[in-house]
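Just so it is clear, none of the values below were taken in a lab; they were calculated from the coordinates. Just so we're clear, the structure is a prediction, and the values are computed from it rather than from any experiment. Here the Cβ positions follow ideal geometry from the backbone for every residue, glycine too, while neighbour counts run over all protein chains shown.
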Amino acid sequence: SLFYQTAGYKGPYGYQKRREGDGRSCVRYKCGLTNTIQDVLRQRPGWMEVKDDGEWDFNWCDVGWLRENFDHSYMEEHVRICHFRNHYELTRKNLMVKNLKRYRKTLEREAGRIEASKCDFFPRTFELPSEYHLFVEEFKRSPGSTWIMKPVARSQGKGIFLFQKLKDIMDWKKVTPCGNDGSRSEEQRDETQVESYVAQRYIENPYLISGRKFDLRVYVLVTSYIPLKAWLYRDGFARFSSTRFSLTSIDDQYVHLTNVAVQKTAPDYDPEKGCKWQMQQLRRYLTARHGTETIEALFKDVDNIFVRSLQSVQKVIINDKHCFELYGYDILLDQDLKPWLIEVNASPSLTASSQEDYEMKCCLLEDTLHIVDMEGRLTGREKRVGGYDLMWNDGPVYREDVNLETLGSACFTANTHLGCVNDRKKQLRQLLKPFPGKKRI
């Protein structure tokens with residue numbers, strides 16, 4: 001914790017200072033989760049946990065708490081909370097698609113076809129039961145193809161299945177309970193009466209490594225929607241299925257679902273080895289196979305997914321200066337190295353599946369807290385904080401590369417470094433130098 005100041009530093013909220021003589025400014029936090037985030041908050045110098053109904057400056061809550069309490073909480077200027085009020089516009093599978101489809105239409109109208117085609121990164125999707133007839137028409141246009149069915153309000157691979165025949169979902173329609181079957185969480189009861197599903201074209205040609213399917217989990221932090229300000233974390237991981245891919249076994253969840261929650265129940269799962277590669281490892285592997293240029297283009301397409309998906313909800317999300325949100329994006333690559341957006345999670349799992357995973361998530365969360373900056377140590381002009389790079393700030397953010405061939409004129413390269421070296425400790429040491437005259441702890 002060499003980044004923290006000692007005695008005499010009141011911070012921007014001097015009035016929160018604890019007893020005289022205890023020099024560090026104090027941030028009172030509330031935490032509704034019991035995993036990595038709790039450890040990170042506990043270890044943060046000058047932060048103090050409040051229990052139950054104590055007053056707090058910072059709240060890392062789950063979405064259930066938010067739904068119950070957000071509307072009746074008065075929040076002072078400096079207070080921060082880790083979700084936007086209606087985050088589900090981006091993180092519920094059906095609403096995400098609805099917003100993307102609407103955004104794509106608007107783009108086509110205002111900017112033309114080519115611009116709109118930059119939103120073609122999600123598979124054909126229909127909401128059931130409401131779009132059942134549209135779905136059947138599309139299904140009949142492509143006989144023999146595989147579709148995937150997902151409940152809109154569940155996570156961790158629950159309730160998902162693949163199908164190739166309409167009769168498979170006729171059976172499903174009969175067994176899907178209407179109303180509350182007692183097994184659904186508060187969240188689903190609140191937000192869906194008949195359980196809604198989405199039917200989505202299944203990506204039948206996923207990119208395979210050693211015959212196995214994988215998807216990418218990438219972390220994006222949004223600190224404001226209007227104007228849009230979004231940060232991309234350098235680390236993330238690829239999650240592999242434990243079983244070789246084949247479309248002949250569409251009932252085998254270990255083949256088709258890469259969720260760790262599913263894979264860890266596989267008979268041959270090894271938690272330390274797990275089914276994860278760090279993003280750096282994946283980027284190196286792909287670069288060795290396909291060359292730098294191809295993979296840089298791929299990662300640029302992935303950046304496009306983050307920006308467009310956030311822009312698609314920019315006008316519907318209730319922007320609030322008290323809110324920030326850490327999203328877990330799930331991206332799938334196909335054999336043509338085209339990235340597809342599978343879904344966005346508002347509460348990405350912060351529970352670690354291995355020691356390496358724990359360390360990565362601790363760093364991710366520490367850097368998230370650095371950016372939220374309750375201590376008031378940033379200028380607000382930073383393009384990089386720890387492992388985060390500022391990707392969008394009311395417009396694209398570029399690296400400060402100087403291109404020598406064009407005699408010192410700046411070369412416009414996006415300021416994103418997903419899967420690149422993450423030398424965050426060194427960067428933070430420079431960024432968070434103690435104030436002049438203050439000793440390091």
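A few comments on the model shown:
- Charge sum, other residues only, whose C-beta stays under 13 Å from Asp423's C-beta, Lys/Arg counted +1 and Asp/Glu -1: +3
- Evaluating kT/(6 pi eta Rh) at 10 °C and 1.306 mPa s, with the Kirkwood radius of segment 73-124 over Cα pairs in the Stokes-Einstein relation, gives 120 µm² s⁻¹.
- Peptides 41-54, 345-358 ranked from most to least packed by the mean count of surrounding Cβ atoms within 10 Å: 345-358, 41-54.
- Reducing segment 25-62 and segment 201-227 to their Cα centroids gives an inter-centroid distance of 30 Å.
- Length available on full extension from Ser73 to Met170: 0.36 nm per residue minus the Cα-Cα distance, which gives 30.4 nm.
- Computed from label points 7 Å out along Cα-Cβ, the spacing between Ile209 and Asp52 is 4.9 nm.
- Charge sum, other residues only, whose C-beta stays under 13 Å from Thr223's C-beta, Lys/Arg counted +1 and Asp/Glu -1: -3
- Net charge of Cβ neighbours under 12 Å - reference Phe58; Lys, Arg +1; Asp, Glu -1: -2
- As a rough guide to protection, the peptides 65-74, 331-340 ranked by mean Cβ packing within 10 Å, highest first, stand as 331-340, 65-74.
- On the beta carbon distance between Ser117 and Ala297, with R0 = 22 Å, the FRET formula returns roughly 0.90.
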